[in-house]
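Q: Sharing a structure below in structure tokens format, with a few things to ask.
The values are calculated or read from the model by the stated rules, or taken from the named source; none is laboratory data. Keep in mind it's a predicted model, so treat the numbers as computed, not measured. Note that we place each Cβ from the backbone using ideal geometry, even for glycine, and neighbour counts take in every protein chain shown.
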Amino acid sequence: MTPQELVVCALDAQKHAYAPYSSFIVGAALLTRSGKVYKGCNIENKSFSPTVCAERVAIFKAISEGETEFEAIAVVGSYKDGTYKHFCAPCGVCRQVLSEFCAPDFKIVLGDDSGDCEVHTLAELLPQAFAL
């Protein structure tokens, strides 16, 4: 699957985001080594702390289904008015969660609705991940 195809999956996942407080909707699409794609969207809560990011939704869905080997994740983010953030990178918490399950060379694709994308490695976005 190309990075652009994975971004299209993330754009589809974004449609299900629940973000009534920030009005910032995020979609993620996680590609497993077996070729399956797990989608996630951000889900907010009025007390904010229980809010969960799209990337963590996708990875937790995959882990809960027995998937443990991952190739890449695509992330897109926009405001509800359709204005895209060029580009929306995973937050620090999501980067740390990804480092729990993914190798340093795991690909993180940042995309938007124009078809543009950038590809980074997890090591580039989280150079000093916390590890025991």
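Q: Please list, ordered by first then second residue, the pairs with beta carbon atoms under 9 Å, 6 or more apart or interchain, first in the range 58-75 and over 9 Å from A29 (Cα atoms), second assigned to a loop (DSSP other than H, G, I, E, B) and polar (S, T, N, Q).
A: If the second residue must be assigned to a loop (DSSP other than H, G, I, E, B) and polar (S, T, N, Q), the pairs left are A62/T68; E67/S34; E69/S34.
Q: Of everything in the range 104-132 that's out of contact with any Pro (no Cβ under 7 Å at 6 or more places or on another chain) and closer than 17 Å to A58 by Cα, which residue is surrounded by the most Cβ atoms within 10 Å (Cβ to Cβ)?
A: Within the range 104-132, the match that is surrounded by the most Cβ atoms within 10 Å (Cβ to Cβ) is G111.
Q: In the range 12-26, how many residues are in a strand (DSSP E or B) and buried (at least 19 other Cβ atoms within 10 Å of the Cβ)?
A: 2
Q: I'd like to verify a number: residues in the range 45-59 that are surrounded by fewer than 17 Cβ atoms within 10 Å (Cβ to Cβ) and either of a type in the set (D, E, K, R) or touching a helix residue (DSSP H, G or I) at 6+ places or on another chain (Cβ under 7 Å) (or both), how many?
A: The total comes to 1.
Q: Going through G82, G66 one at a time, which residue ends up being assigned to a loop (DSSP other than H, G, I, E, B), under 30 Å from L132 (Cα atoms) and more than 12 Å from the chain's Cα centre (by Cα)?
A: Details: G82 fails: under 30 Å from L132 (Cα atoms).
Result of the check over G82, G66: G66.
Q: Would you tally the residues in the range 76-102 being touching a Leu at 6+ places or on another chain (Cβ under 8 Å) and either modelled with pLDDT under 95 or within 21 Å of V7 (Cβ to Cβ) (or both)?
A: Total meeting the criteria: 8.
Q: Pick from the range 8-35 the residues that are of a type in the set (S, T, N, Q) and out of contact with any helix residue (DSSP H, G or I) (no Cβ under 8 Å at 6 or more places or on another chain): which of them is farthest from G77 (Cα to Cα)?
A: It comes out as S34.
Q: Could you tell me which numbered condition C94 fails, if it satisfies all but one of (1) touching a strand residue (DSSP E or B) at 6+ places or on another chain (Cβ under 8 Å); (2) not in a loop (DSSP other than H, G, I, E, B)?
A: (1)
Q: Among A123, A72, A29, A58, which is the only one that is touching a Phe, Trp or Tyr at 6+ places or on another chain (Cβ under 8 Å) and in a helix (DSSP H, G or I)? First the steps, then the outcome.
A: Working: A123 fails: touching a Phe, Trp or Tyr at 6+ places or on another chain (Cβ under 8 Å); A72 fails: in a helix (DSSP H, G or I); A29 fails: in a helix (DSSP H, G or I).
Result of the check over A123, A72, A29, A58: A58.
Q: Check whether at least one residue in the range 34-52 is modelled with pLDDT of 95 or more, assigned to a helix (DSSP H, G or I) and under 24 Å from D116 (Cβ atoms), and report yes or no.
A: Within the range 34-52 (the criterion being modelled with pLDDT of 95 or more, assigned to a helix (DSSP H, G or I) and under 24 Å from D116 (Cβ atoms)), the answer is no, since none of the residues qualifies.
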